[in-house]
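Contents: one structure, followed by commentary.
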Amino acid sequence: MRVLLVEDNAKLASLTSEAMRSHGFAVDWVSSASDAEEAMSTISYEAVILDLGLPDRDGLSLLEPVRRRAPSTPILILTARDAASSIIDALDSGADDYLVKPFVMGVLISRVRALMRRPALRHDTILSERNVHLDLSQHVAKVGETELQLSRREFAALELFLRRFNRVLSKGEVEESIYGFGEELSSNAVEVLIHRLRKKLQAAGAAIDIHNMRGVGYMLTEGRS
Amino acid sequence: MTFRRLTLFRRLVVAMSIVALVAVCASVLFLYVRFQAANDAFREETLSTFAQDMQRQFASDPQLTGGLATALKTRIKELGGQFAIVTDTGRVLASSETLDQPLVPVSNQKVRYFLLPGHDKVRALFGISMQLDGTNPVHFVQIAFPREHVIFDTVLEEFVTDIAWIWIPFVCLLLLVNILVLKFALKPLSQAAEEARQIGPSSIATRLTETRMPEDVLALVSAVNEALDRLQAGFLSLEQFSSHLAHELRTPLAIIKARLALSQDAIARKVEEDFEGVERLVSQLVDRVRIGGLHFEASDRVDLGDIGQRAAAFLAPVILSKGRDIELQSPLEPVVVSGAFDFIFRALRNLIENALNHTPPGTTITVTIFRCGITVSDSGPGYPPRWLEPVAVVGKPDSGAGGLGLGLSIVKETMIAHGGDLKLTNLPEGGASATMEFPIHRKAI
């Protein structure tokens with residue numbers, strides 16, 4: 001998993017690289033936009049972590065050439081700018097995700113992993129988080145070695161949550177992803193579906209859990225001990 | 001309202017009204033005095049003419065029984081007058097039927113005018129006492145007519161009813177025309193005042209219109225616009241400064257966090273926990289500086305439900321990782337207010353973080369969106385009583401005796417900049433409740 005880190009602060013870059021390497025990533029670090037362009041012209045990266053405040057020009061200006069050259073490479077913006085307008089600008093310019101400094105290293109790593117799980121990029125078809133594994137090609141879900149008996153929708157919901165680990169999904173987002181257009185839905189269809197899925201995960205001893213926050217949405221997190 | 005507080009237009013209207021009133025009063029007084037003088041002169045002349053006629057008749061007909069004398073006496077009677085021919089000793093030689101004594105005591109003056117004051121039903125009389133020529137001993141003719149001589153009254157009355165009354169409406173009309181002209185002339189000023197009234201934190205780019213402004217007022221308007229330019233530049237530089245500040249502070253913080261994350265030492269985990277407080281404090285300080293540059297346009301509309309959902313989703317991972325829960329209660333329809341999205345989001349984030357720091361593990365933080373605001377409630381120990389007073393001091397540090405603490409002061413100032421307020425209460429069942437109240441939505445500008 002080769003990742004390009006574009007960050008002008010040497011200390012932060014070296015610490016981030018070290019942390020990512022310890023999680024199995026191969027990290028190339030460059031400190032300017034021009035170096036980043038050069039690196040991307042020769043190597044095909046699986047993800048790019050991009051700082052916006054670069055010494056030669058704004059990191060946002062890199063987004064368009066990167067998108068042209070490698071439309072499917074996920075880009076995560078890592079910056080000190082936390083205004084909603086900056087986030088919107090970055091996402092509209094082609095970034096896939098956004099993380100504000102100072103960040104939790106674990107969150108950065110799980111976000112990069114999540115980006116690399118996106119369907120368009122994903123060549124292998126197994127999604128894993130802790131002891132839960134989902135084989136998309138075989139349509140098999142396992143907790144450890146135990147196979148879970150999931151309905152088609154439960155399987156789809158688990159896949160959705162695994163792709164968005166530690167991120168809140170609103171009820172609307174779950175509905176849109178799981179159910180087709182024009183499908184008749186009862187008002188509590190999503191609640192019932194998630195409830196069943198949770199029970200099955202818990203019964204099988206999964207180390208992850210889907211948490212329901214009323215009015216906010218659902219989030220797949222580590223299971224509570 | 002004092003005169004000083006009146007608008008320029010009202011001042012001029014008041015001043016012009018006073019001038020018009022004075023003009024009307026002065027002209028009426030002038031006309032009255034002039035008419036009185038003319039009246040007196042005319043009256044004296046008439047009396048003198050009557051006295052000379054009487055002298056001529058008396059010289060040719062001392063008994064005054066002839067045709068001409070009788071006609072003269074009848075004429076005097078018709079006009080309500082009285083006459084007497086008197087010797088120098090005061091004996092009456094001839095007189096009106098009702099008169100048996102001189103109208104006034106005789107004197108040495110050849111011609112003397114006199115006024116007999118009226119009493120009860122007797123009218124005041126204005127008269128002449130004239131020495132007759134060629135009489136020895138000296139005789140006097142005395143004639144008097146009621147003061148309000150019918151001829152003069154008629155003339156005066158006709159003048160007032162036919163001509164003079166036009167003066168008052170004419171002055172009023174003139175005043176009205178002047179006011180309309182003034183209103184038209186001051187219209188650009190009123191427009192500039194209205195434009196200036198609309199300028200606030202939400203519209204720092206607005207300027208007063210300079211087109212169609214009179215030359216002499218244009219200088220003032222231009223100076224105000226230049227002052228607004230400087231203020232806007234100050235506003236924006238503060239915004240830029242806070243952005244730099246955020247950047248400068250966040251990178252070293254990120255380095256420290258990354259270094260801690262890499263360390264396997266148990267002490268690093270402890271420092272990581274302590275570091276959360278530092279991180280939050282820095283974030284609040286940056287937010288606090290940013291409020292100085294808070295501005296939004298009236299057309300910037302935000303949905304409080306959307307902000308509530310985003311803030312809850314943003315903080316959900318940290319809330320769950322700390323063993324607390326969060327729920328959002330919002331109406332089905334959007335709750336739209338005018339405001340700055342980022343600032344409202346940060347204010348709400350501060351309230352939720354505050355609740356997270358105080359609510360015990362296993363409890364739920366509730367975010368409620370209602371028609372004109374957002375409430376965040378928790379199950380913690382509640383706010384200190386001094387914070388619940390209506391006028392809580394803003395901006396003093398948490399540890400001090402007074403003040404709302406940095407986080408809540410950010411929320412309070414954000415709300416004040418939005419024309420709303422922050423209301424703190426303690427719930428009867430325990431726990432604290434903070435409400436960001438927005439002003440009831442005014443009609444769109």
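The values are calculated or read from the model by the stated rules, or taken from the named source; none is laboratory data. Predicted model only: the values in this text are computed from it and were never measured. All Cβ positions, even for glycine, are placed from backbone atoms using ideal geometry, and neighbour counts span all protein chains on display.
Couple of notes before you dig in:
- A:Leu162, sole failed condition from (1) part of a loop (DSSP other than H, G, I, E, B); (2) more than 14 Å from chain B (Cβ to nearest Cβ); (3) modelled with pLDDT under 90: (1)
- Scope the stretch B:282-299; condition more than 10 Å from chain A (Cβ to nearest Cβ) and either closer than 15 Å to A:Phe103 by Cα or in a loop (DSSP other than H, G, I, E, B) (or both); matching residues: B:Gly292, B:Gly293, B:Leu294, B:His295, B:Phe296, B:Glu297, B:Ala298, B:Ser299
- Residue within the stretch A:174-185 that is within 14 Å of chain B (Cβ to nearest Cβ) and either under 22 Å from the mean Cα position of the chain (by Cα) or in a loop (DSSP other than H, G, I, E, B) (or both) present: yes
- The listed residues are B:Leu115, B:Leu132, B:Leu103, B:Leu93, and the only one of them that is surrounded by 11 or more Cβ atoms within 10 Å (Cβ to Cβ) and either within 60 Å of the chain's Cα centre (by Cα) or at pLDDT 90 or above (or both) turns out to be B:Leu115.
- For the stretch B:345-387, the candidate set comprises residues that are within 14 Å of chain A (Cβ to nearest Cβ) and touching a Pro at 6+ places or on another chain (Cβ under 9 Å); within that set, the residue that is modelled with the highest pLDDT is B:Ile369.
- Evaluated against (1) of a type in the set (D, E, K, R); (2) more than 11 Å from every other protein chain (Cβ to nearest Cβ); (3) touching a residue at least 40 places away in the same chain (Cβ under 8 Å), B:Lys270 falls short on exactly one condition, (3).
- Within the stretch B:250-267, restricting attention to residues that are surrounded by fewer than 20 Cβ atoms within 10 Å (Cβ to Cβ) and either of a type in the set (D, E, K, R) or out of contact with any helix residue (DSSP H, G or I) (no Cβ under 8 Å at 6 or more places or on another chain) (or both), the residue that is nearest to the other protein chains (Cβ to nearest Cβ) is B:Arg259.
- Residue check for A:Pro71: more than 9 Å from chain B (Cβ to nearest Cβ), modelled with pLDDT under 80 and out of contact with any strand residue (DSSP E or B) (no Cβ under 8 Å at 6 or more places or on another chain): yes
- From the list A:Val27, A:Val48, the one residue that fits, being away from chain B (no Cβ under 14 Å), among the β-branched types (Val, Ile, Thr) and in a strand (DSSP E or B), is A:Val48.
- Conditions (1) in contact with a Lys or Arg (Cβ under 7 Å, 6 or more places away or on another chain); (2) within 25 Å of B:Asp342 (Cα to Cα); number of the one not met by A:Glu46: (2)
- Within the stretch A:131-140, none of the residues are within 14 Å of chain B (Cβ to nearest Cβ) and acidic (Asp, Glu).
- All of A:Asp96, A:Asp82 fail the test of being within 14 Å of another protein chain (Cβ to nearest Cβ), under 30 Å from B:Asp287 (Cα atoms), buried (at least 16 other Cβ atoms within 10 Å of the Cβ) and among the acidic types (Asp, Glu), apart from A:Asp82.
- Being outside the structural domain of A:Leu162 (by TED's automatic domain parsing), surrounded by fewer than 22 Cβ atoms within 10 Å (Cβ to Cβ), out of contact with any strand residue (DSSP E or B) (no Cβ under 9 Å at 6 or more places or on another chain) and on the phi > 0 side of the Ramachandran plot is a description that applies to A:Gly24.
- Enumeration of residues in the stretch B:70-88 that are within 22 Å of B:Pro137 (Cα to Cα) and either free of Cβ contacts under 8 Å to residues at least 24 places away in the same chain or charged (D, E, K, R) (or both): B:Asp88
- Qualifying positions in the stretch A:35-50 - out of contact with any Pro (no Cβ under 8 Å at 6 or more places or on another chain), modelled with pLDDT of 90 or more and β-branched (Val, Ile, Thr): A:Ile49
- Considering the stretch A:85-152, the qualifying strands (runs of 3 or more DSSP E), each wholly inside and each with 1 or more residues that are within 25 Å of A:Tyr45 (Cα to Cα), run over A:97-100, A:126-129, A:132-135.
- Test: residue in the stretch B:223-232 that is part of a helix (DSSP H, G or I), facing chain A (nearest Cβ under 10 Å) and basic (Lys, Arg): no
- Residue in the stretch B:315-330 that is farthest from the other protein chains (Cβ to nearest Cβ), counting only those that are exposed (fewer than 15 other Cβ atoms within 10 Å of the Cβ) and without any contact (Cβ under 8 Å) to a residue 40 or more places away in the chain: B:Lys322
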